[in-house]
Every structure is written in C-alpha cells, then in structure tokens.
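Enquirer: Questions regarding the structure given below will be posed in turn.
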C-alpha cells in the first residue's frame with residue numbers, strides 16, 4: 001500500500017527569515033542610493049539658493065555685472081545711530097562718514113568681500129589655457145608613442161602602470177613638485193643669472209639660467225598639466241586603440257609611412273574622444289587648489305595680469321611696428337602671479353572672519369565656479385555627440 | 001617540388017620568390033617557397049586554412065614587417081628583379097608598386113574621392129587635375145565610376161559591402177601598382193557582389209598583375225591563369241590553373257581537390 005502523497009519537501013531546511021533578509025538587503029541598498037542623491041541635491045540646492053541671488057538680479061541686465069567684472073575689494077560696512085548699515089568700498093567710506101557726521105556709530109571692514117571675482121576668473125582661465133595646452137601636447141604625444149610606436153612588452157606595461165599610479169598621487173604632492181621644479185629650478189633666459197640659480201649656461205647673447213619661473217601662471221599651468229596628464233594619456237591611448245587596425249594596415253599597404261598613417265588615418269578618428277577627455281581635464285585643472293597654492297595663486301592681488309606699470313607704447317606707431325614689445329608684453333601675462341577661483345574660495349572660507357557680508361562673496365564664488373565646471377562638462381558631452389556623428393565607422 | 005615549367009616562357013616574372021623560408025619567431029611558417037608570377041596574369045594561392053597562403057601573399061609587399069618577430073630567414077623575393085628584403089628598399093615605394101586589397105573591405109570614413117586619392121596624396125601629389133583624373137580612372141577600372149560619379153563626395157561608408165570592396169580595389173590601383181595582391185577579397189561578400197569582383201579581376205589583369213588568395217577553389221578556377229597549392233607551409237604544386245585542377249601531378253593536390261581533406 002502506497003503512502004499518501006504529502007506536500008512536504010524532503011529537501012527543505014529551515015528557511016525562516018530568508019524573505020526578511022531579502023527585504024532588508026533591498027532596502028539597505030535603496031536607502032544608500034537615496035542618501036547619495038539627497039546629499040548631492042542638498043549641496044547643489046544650497047549653493048544655488050545662496051549663490052544665485054549674488055550673481056543674478058531681478059532688474060536688467062539680470063546678471064550682477066559688478067560681481068563678474070570687478071576685482072575683489074575690501075568691503076566697508078558703516079553703521080549709523082539708527083542701526084542702518086551702509087556698504088561701501090574704501091574710497092566711499094570717508095564720504096559716507098562725512099555725510100553721516102554725528103550720526104556715525106561704527107565701521108567695520110570685511111576683506112575680499114566687496115567688489116567682484118574677475119581676478120580669480122581670469123586667473124583660472126589663464127591657468128587652464130596653459131595647463132591644457134601643455135597636457136594635450138605632452139599627453140597626446142605620449143599616447144601616440146605608446147600606442148603606435150612602442151614595442152609591446154614588459155617595459156611598456158611598466159610605463160602604463162607608472163602613468164596609472166601618477167593619477168593616484170595626492171595633488172598637494174604635485175604642488176610641491178611644481179614648487180621645486182618650475183618655481184625654483186626651471187630654465188629661463190636672463191641677462192644676469194640670479195644668486196639662487198641652480199646652474200647657468202652662458203650662450204653669449206644671453207644666459208640660460210636654471211633659476212625657476214617664480215610664482216606665476218606658467219609654473220602653475222605646468223604643474224596642473226602634470227596633474228591631468230595621466231587622465232589625458234590614458235584616455236587618448238584608449239581613443240587611438242579604438243581606431244580599427246584595418247585603417248592602419250590599409251594606409252601602410254598604400255605606401256604611407258607610419259607618421260602619415262597616424263596623421264591621416266588614425267588621429268582624425270581619435271580626435272573626438274581625445275578632445276572630450278581633455279575637456280574633462282579642464283574641469284579637473286580648474287578645480288585643483290593644492291597644485292597652484294605654491295606655484296601660481298595669490299590670496300589677493302589688486303591687478304589683472306596685464307595691468308602693469310609699463311611705459312605705453314608710442315602712440316603714433318601701429319602694433320606691428322613694435323611687435324617684439326607687443327609679443328613680450330603678451331607673454332608677460334603668463335609670468336604674472338594670479339588669483340584663482342578655487343584658491344579664492346578657500347581664502348574666503350578659511351582666512352577671513354565669517355559674517356553675513358563674507359557669505360555673499362563665498363556663495364557667489366562657489367556658484368560661479370560650479371556653473372563654469374558644469375558648462376565645461378556639458379560642452380564636452382555635446383562635442384562628443386557632434387563629432388561621433390561625423391566620424392563614425 | 002615547385003614546378004619550373006615557366007622557365008620556357010620568355011618574359012621575366014614580375015614577382016619571383018626564390019627558396020624562401022619564413023618564420024614567426026621560433027615557429028616556421030613557410031618552407032623553401034619558389035614561385036614565379038607572370039605579368040598580366042592572375043595567380044591564385046589556394047590551400048587549407050593555416051597553410052601559409054596569406055603569409056606568402058604578405059611577404060610580397062612586406063606587410064609581415066608589422067608583426068614583430070616575423071622574418072624571412074632564407075631566400076629572397078624579387079619584384080621586377082630587385083630583392084625587396086634588401087636593406088636599401090624603401091617600403092613606401094615598394095608598396096606603391098605592390099598594392100593590396102584586404103579580406104575585410106575597410107574604406108576610410110572619408111569621402112569616396114578622398115579614399116581613392118589617399119595613395120596619391122601620401123606620395124605627394126597635390127595637383128587637383130591629376131588627382132581628379134586618377135580618381136576617375138581608378139573608379140572606372142573598378143567598375144564604379146558610372147554608379148558613383150555623381151556622389152564622389154559622399155561618405156564611403158554609405159556604400160554597400162560589394163561597392164566598398166570595389167572602392168578598396170580602386171584605392172589600391174590609384175597609384176598604378178605593377179602587382180595587386182588580394183587577400184580573400186570576396187570572403188565577406190554576397191554571391192552577386194562576389195561575381196562582380198570576379199568579373200572585375202579579368203579586366204584588372206589587362207592592366208595589372210594580380211595575386212589572389214582564396215579559400216574557394218571554384219573561384220580560383222573562374223578567375224586565375226595560374227594556381228599555387230600550399231599545404232603546411234610548403235608549396236606543393238604550381239601550374240596553369242586548368243592543368244592543376246584537371247590533371248594534378250601531386251597526390252596531395254588531388255586529395256585536396258577531391259575534398260578528401262581540407
């Protein structure tokens with residue numbers, strides 16, 4: 001006689017709680033994701049709410065042009081007997097005090113919080129131009145060599161590993177490297193070497209002296225270039241490798257040299273990707289603080305890099321008649337120290353007494369900075385889309 | 001092993017492979033190859049996969065140089081009487097004389113015109129009328145001119161697979177090479193495109209000398225004047241195509257043709 005069939009599963013163990021664990025895992029992961037999104041949103045919203053009113057205004061032209069076109073200045077806040085606060089700059093302070101007369105109660109000054117942030121914007125722009133120029137040239141050259149010329153093997157693997165490791169070096173280390181290499185020892189042409197020159201080579205008409213470039217845009221730009229080099233090399237190499245091998249074979253089979261092949265059949269198709277990665281490099285270079293602290297940036301500077309006390313060029317002559325001087329003056333922009341946005345934000349946040357007047361400049365600067373970086377990232381995405389459509393295979 | 005039957009024909013061969021050994025690093029790929037390719041003839045290289053037919057083809061324009069450890073270890077390859085493995089050979093000039101069409105059609109993602117003009121441009125030709133003339137001539141040779149003359153500046157990738165391969169042929173013959181090497185040019189094409197390219201090959205042979213690698217024996221019969229059969233890196237038999245297919249001298253050839261092995 002057969003035993004009656006039952007619903008018992010003979011393999012079943014104790015599975016009590018398995019559904020609860022499943023639910024718990026799902027919720028833990030979900031909550032984690034929500035926290036990330038919430039924090040990001042909170043930061044963005046906070047900066048937008050506090051920063052946008054500084055940059056935008058309700059009246060024409062809707063943008064606070066003063067904030068974007070003036071240099072940072074000390075803000076003077078004068079209080080009268082009725083408790084009204086009058087904000088003015090250093091020049092207006094005396095006039096206001098005279099007008100108030102006996103009504104004057106107190107005056108306080110807030111560093112860097114008046115005026116605008118043109119200096120830091122210009123400085124960051126110059127630093128980015130130099131660093132991306134240098135990094136693109138060196139990075140693409142290096143990527144082409146690694147991808148197209150170097151023989152595969154252990155050595156190449158080591159070079160790649162070294163480049164990847166470079167990406168992990170803390171940025172303050174790059175800053176110190178830049179201080180030693182570019183500020184203090186980089187070669188420059190001078191008539192008389194400075195005392196601190198490491199060594200100098202007389203060339204007859206001038207002297208090549210290893211005495212550094214001093215704290216300037218050039219030093220900072222080169223330092224930043226080394227910060228973003230690993231990103232640019234790695235990305236460029238990937239873009240070069242993504243170009244089909246068949247293009248190279250065909251080109252060589254038609255009698256092209258290796259360089260012609262690269263120039264006409266590889267680079268054009270790798271360029272979109274290289275440009276995209278370089279724009280992301282711009283965002284990175286614009287945002288770094290530590291590498292420029294020792295090499296290029298000042299906490300405060302009351303002049304733009306091209307505002308120097310130089311005798312004006314003769315008024316009668318055209319710019320071409322004095323092209324040497326014109327070029328020298330243009331290049332002189334890059335041998336000036338500058339203010340830079342990230343360092344300016346650091347100064348505002350950590351180096352001055354905090355009050356409601358400082359807050360305006362702080363949030364305004366951060367807001368402008370975020371908008372700049374976001375628009376760079378957005379233009380990178382758009383550029384990639386357009387070029388992808390053009391160069392597809 | 002190799003037949004010296006061409007010795008009686010008077011014109012010198014355009015390509016002559018003499019006692020050539022070839023290796024990839026430690027592994028030997030070709031053994032003692034002897035081959036003569038006659039002007040304005042189509043020579044087919046057939047044989048099972050891995051027999052070295054593509055390697056042999058790539059020895060003729062030194063495309064194997066791209067592989068690091070690849071070396072000709074013995075013998076020589078003469079093109080128009082000059083050993084192309086001599087130290088003084090300029091690869092760019094050699095490859096101008098010995099063009100190549102690959103298995104996978106791979107036009108550059110540029111215009112049709114720029115694809116055909118590429119070879120001339122890299123050899124320094126800047127004259128627009130010379131380029132125009134060469135593009136028209138090459139596309140006509142590749143039986144593409146009528147189809148494409150009105151859209152020379154369209155992207156080459158917009159063409160069909162068969163058109164792309166014929167464009168690659170036009171690109172290869174634009175520099176007017178003596179020899180055109182074709183590495184299984186039809187293996188990725190549909191039968192109709194294949195037929196067009198086979199018809200084209202007879203036309204091409206009037207102007208150029210064609211060496212074609214094919215895994216398709218019927219194709220070798222249809223297009224070639226001479227056929228070389230390779231097996232395991234050795235040239236087993238080399239004869240006029242009709243002779244090789246109807247009356248092979250070697251047992252191995254006969255076995256391969258009958259399909260006893262492949």
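Enquirer: What's the FRET efficiency of residue A:43 with residue A:302 using the Cβ-Cβ distance as r and R₀ = 35 Å, to the nearest 0.05?
Expert: Once the sixth-power term is evaluated, E becomes 0.65.
Enquirer: Using only Cα atoms, tell me the angle between helix B:161-173 and the longest principal axis of chain B; keep it within 0 to 90° and round to the nearest 10.
Expert: 80 degrees
Enquirer: Please work out whether the range A:237-286 counts as rounded, prolate or oblate from its C-alpha gyration tensor, where a ≥ b ≥ c are the square roots of the eigenvalues and a/c under 1.5 means rounded, while otherwise a/b larger than b/c means prolate and anything else oblate?
Expert: Verdict is prolate for the range A:237-286.
Enquirer: Follow-up question, since we're still on this one. Within the range A:276-290, which residues have the backbone N less than 20 Å from the label spot 7 Å out from residue A:374 along Cα→beta-carbon, could you tell me?
Expert: A:279-288
Enquirer: Over the whole of A:244-252, what's the average partner chain Cβ count within 10 Å per residue? Rounded to a whole number, please.
Expert: Mean number of neighbouring Cβ atoms from other chains: 6.
Enquirer: OK, next. Calculate for the protein assembly as shown the 222 nm mean residue ellipticity that helices alone would give, adding -39,500 (n - 2.57) per DSSP H run of length 4 or more and normalising by residue count, nearest 500 deg cm²/dmol.
Expert: -15500 deg cm²/dmol
Enquirer: Helix B:191-207 versus the longest principal axis of chain B: what is the Cα-based angle in degrees, 0 to 90, to the nearest 10?
Expert: The angle comes out at about 90 degrees.
Enquirer: Suppose each label sits 7 Å from its Cα in the direction of the beta carbon; what would the residue A:103-residue A:157 distance come out to in nanometres?
Expert: That separation, rounded to one decimal, is 8.1 nm.
Enquirer: To two decimal places, what compactness ratio does the protein assembly as shown give when its Cα radius of gyration is scaled by 2.2 N^0.38 Å?
Expert: Here the answer is 1.41, to two decimals.
Enquirer: Stokes-Einstein at 20 °C, 1.002 mPa s, Kirkwood radius from Cα pairs: D for the range A:60-174 in µm² s⁻¹?
Expert: Translational D for this selection: 111 µm²/s.
Enquirer: Taking 0.36 nm per intervening residue step and subtracting the Cα-Cα distance, what contour gain separates residue A:96 from residue A:385 on full extension?
Expert: This chain segment gains 98.5 nm when fully extended.
Enquirer: Here's a follow-up. How big is the gap, in Å, between the Cα center of the range A:233-295 and the Cα center of the range B:222-237?
Expert: One Cα centre to the other: 43 Å.
Enquirer: Another question about this same structure. When 1/r is averaged over all different Cα pairs and the result inverted, which Kirkwood radius in Å belongs to the range B:100-145?
Expert: Every distinct Cα pair counted, the radius reaches 11.3 Å.
Enquirer: Taking the Cα-to-Cβ direction at residue A:64 and at residue A:335 and moving 7 Å from each Cα, how far apart do the two end points lie in nm?
Expert: Computed distance between label sites residue A:64 and residue A:335 equals 3.8 nm.
Enquirer: Where does the range B:9-258 land on Rg/Rh, using Cα atoms and the Kirkwood Rh?
Expert: Using Cα coordinates only, the ratio equals 0.97.
Enquirer: At what distance in angstrom do the alpha carbon centres of the range A:106-165 and the range B:44-73 lie from each other?
Expert: 45 Å
Enquirer: Ratio of alpha-carbon Rg to the 2.2 N^0.38 Å globular estimate for the range A:231-371, to two decimals, please.
Expert: 1.62
Enquirer: Report the extension gain between residue A:74 and residue A:166 in nm, rounded to one decimal, defined as 0.36 nm multiplied by the number of residues separating them, less their alpha carbon distance.
Expert: Answer, rounded to one decimal: 29.1 nm.
Enquirer: Still on this model: With N denoting the number of residues in chain A, provide Rg(C-alpha) divided by 2.2 N^0.38 Å, to two decimal places.
Expert: Normalised by 2.2 N^0.38 Å, the Cα Rg of chain A equals 1.38.
Enquirer: Here's a follow-up. Label residue A:57 and residue A:141 with points 7 Å out from Cα along Cα→Cβ: what is the distance between them in nm?
Expert: Between residue A:57 and residue A:141, the label points sit 4.9 nm apart.
Enquirer: Take A:249, B:136 and order them by how many other Cβ atoms sit within 10 Å, fewest up front.
Expert: B:136, A:249
Enquirer: What FRET efficiency comes out for residue A:129 versus residue B:71 if R0 is 45 angstrom and r is the Cβ-Cβ distance? Round to the nearest 0.05.
Expert: Efficiency, from the Cβ-Cβ distance: 0.35.
Enquirer: Report the FRET efficiency, 1/(1 + (r/R0)^6), for residue B:192 and residue A:26, where r is their Cβ-Cβ distance and R0 is 56 Å, rounded to 0.05.
Expert: Given R0 = 56 Å and the Cβ-Cβ separation, E is 0.50.
Enquirer: Something else: Based on a Kirkwood Rh over C-alpha pairs, give the Stokes-Einstein translational diffusion coefficient of the range A:69-115 at 4 °C and viscosity 1.567 mPa s in µm²/s.
Expert: Diffusion coefficient, whole number: 121 µm²/s.
Enquirer: While we're on this one: Could you identify which residue out of A:359, A:22, A:336 has the top mean-square fluctuation in a GNM of chain A using Cα springs shorter than 10 Å?
Expert: Per the Cα network of chain A with a 10 Å cutoff, A:22 tops the list.
Enquirer: Once fully extended, how much extra length lies between residue A:208 and residue A:354, figured as 0.36 nm per residue of separation less the alpha-carbon to alpha-carbon distance?
Expert: So the extension gain works out to 47.8 nm.
Enquirer: Still on this structure, I have one more. Angle, helix B:112-122 long axis vs. longest principal axis of chain B, Cα atoms, 0 to 90°, nearest 10?
Expert: So the helix axis and the longest Cα principal axis differ by about 70 degrees.
Enquirer: May I pose another question? Just tell me how shielded B:143-154 is by partners: mean number of partner chain Cβ atoms within 10 Å of each residue's Cβ, no decimals.
Expert: 0
Where a number appears in this text, it was derived from the coordinates with a stated rule and is not lab data. Because the structure is predicted, anything quoted here is derived from the model rather than measured. Counting neighbours? That spans all protein chains shown, and the Cβs are built from the backbone with ideal geometry, glycine included.
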